[in-house]
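Structure record follows, encoded as structure tokens.
The values are calculated or read from the model by the stated rules, or taken from the named source; none is laboratory data. Computed from a predicted structure; not experimentally measured. Glycine gets a Cβ as well: all are built from the backbone with ideal geometry, and neighbour counts include every protein chain shown.
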Amino acid sequence: MTPQSARIIKTQSLAAIAEIHKITEQLPQSEYAEVRRAIGLVIGSIEVDILGPIYANYSALDDLSTPR
């Protein structure tokens, strides 16, 4: 993976997480409870399986660990 593709994948992955999070804002609490586990698994998978390797290879892309 090139640094450029890593940046693109990171951006799209974070956008996907934001879109998935919107589900939680639009559902009534009772319906959210039905999908909460699935939402957590999807977001966790994006973070661990996609973003984790990107940050391991390109630490400068990890906004949380980069000093400001």
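Structure data summary
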quantity: Residues of segment 25-68 classified as within 12 Å of residue 14 (Cα to Cα) and basic (Lys, Arg), total; calculated: 0
quantity: Search result, residues across segment 14-68 that are acidic (Asp, Glu), at pLDDT 95 or above and surrounded by 11 or more Cβ atoms within 10 Å (Cβ to Cβ); calculated: 47
